[in-house]
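One structure below.
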Amino acid sequence: MNEFSKIDIVHNMDCLEGLRKMPSDFVDCCITSPPYFGLRDYGCEGQIGLEESPTDYINRLTKVFMEVYRVMKPDGTLWVVIGDSYAGSLKGAAKDPENALKYKQGTNKGTLFKNTSYKYRYNKNEQCKNKDLIGIPWMLAFSLRNNGWYLRQDIIWHKRNSMPESVKDRCTKSHEYIFLLSKSQRYYFDSSAISEPCICPPRRKTLQTTRIHIDTEETNTHRTAKCFTGQKAGTHTSIGKEETSATCGVCPLAGKKARTLRHSRSS
């Protein structure tokens, strides 16, 4: 028995350090939202999110998730909430620390350089120009797929109380991605546990060849666009653990407690 055998215990340590202490084929499900690229400085040495380039960031996350792959049971699943970042030139109003506080997430504790978003300088090797949407979520998804994970689905987290943006040349962003990945082609997924009520009432169908009457389902399969309320105004806008569990609650130990990895943003 190792130190991770007991459930309902929070282990406060570097994620890679903790994962390397776990045996293989140990975890049923992993639900995580890693630190976003260049968004905040959490004040932790060696933290994820402040890499020199998007490629370095993706490579580091891939290294972490390949350890998750090792400790995941063959029928386990991985759920990753990940946001995007814009490339910038370090020019404009937001570069001033005092002025930046008026912008998106500028008042959040730990915001990188008191800036509105990560101002990644143009690098021709990254093929990313100033003002480009970098595409971090899909860079990560394709990297994990190329390294053995099965990329099963992209789910849209629609944020009804999203942070306002003062942009004039694009729409205010009010969504993030939740990726569902699996270790194997066949994995545990209880769709009935997260099914949604039908809008239309159930009705009876008749199979013409056999004259058998079949009642239609009263529920629908869970949709890929999910509207989460998130935390209340004045706090960091993120999915609550109850909402995440309700959507991703597909661990195989029905009626029992499954080993589920949940990573905080600062790990």
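Return yes when residue 55 is β-branched (Val, Ile, Thr), surrounded by fewer than 18 Cβ atoms within 10 Å (Cβ to Cβ) and either modelled with pLDDT under 90 or within 22 Å of residue 179 (Cα to Cα) (or both) and no when it is not. Write out each step before concluding.
Values: β-branched (Val, Ile, Thr): yes; surrounded by fewer than 18 Cβ atoms within 10 Å (Cβ to Cβ): yes; either modelled with pLDDT under 90 or within 22 Å of residue 179 (Cα to Cα) (or both): yes.
So residue 55 fits the description; yes.
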- prompt: Do we find that residue 77 is under 19 Å from residue 141 (Cβ atoms) and assigned to a strand (DSSP E or B) in this structure?
  reply: yes
query: Filtering region 38-74 down to residues that are of a type outside the set (Lys, Arg) and part of a strand (DSSP E or B), which residue is nearest to residue 184 (Cα to Cα)?
result: 74
Odd one out for residue 43, checked against (1) over 18 Å from residue 144 (Cα atoms); (2) crowded, with 16+ Cβ neighbours inside 10 Å: (2)
- line: Selection from region 4-19 of residues within 15 Å of residue 67 (Cα to Cα), of a type in the set (Asp, Glu) and in contact (Cβ under 8 Å) with a residue 60 or more places away in the chain yields 14
query: Name the residues in region 175-188 that are part of a loop (DSSP other than H, G, I, E, B) and surrounded by 15 or more Cβ atoms within 10 Å (Cβ to Cβ), would you?
result: 183, 187, 188
task: Only residues in region 131-143 that are under 12 Å from residue 85 (Cα atoms) and touching a residue at least 40 places away in the same chain (Cβ under 8 Å) count as the first member; pair them with residues that are among the hydrophobic types (A, V, I, L, M, F, W, C) and in a loop (DSSP other than H, G, I, E, B), Cβ under 6 angstrom, at least 6 apart or cross-chain, and list the lot.
output: 136/37
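Quick check, is residue 159 among the charged types (D, E, K, R), loosely packed, with under 15 Cβ neighbours inside 10 Å and farther than 28 Å from residue 75 by Cα?
For residue 159, the condition - among the charged types (D, E, K, R), loosely packed, with under 15 Cβ neighbours inside 10 Å and farther than 28 Å from residue 75 by Cα - is not met.
So that you can scan it fast, the table gives a plain yes or no per residue for (1) modelled with pLDDT of 85 or more; (2) surrounded by fewer than 17 Cβ atoms within 10 Å (Cβ to Cβ):
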{"position": "128", "(1), (2)": "no, no"}
{"position": "139", "(1), (2)": "yes, no"}
{"position": "164", "(1), (2)": "no, yes"}
{"position": "170", "(1), (2)": "yes, yes"}
{"position": "173", "(1), (2)": "yes, yes"}
- request: Determine whether region 144-151 contains at least one residue that is at pLDDT 90 or above, surrounded by fewer than 16 Cβ atoms within 10 Å (Cβ to Cβ), assigned to a helix (DSSP H, G or I) and of a type in the set (D, E, K, R).
  value: yes
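The values are calculated or read from the model by the stated rules, or taken from the named source; none is laboratory data. As the structure is a prediction and not an experimental result, all values here were calculated from the model. All Cβ positions, even for glycine, are placed from backbone atoms using ideal geometry, and neighbour counts span all protein chains on display.
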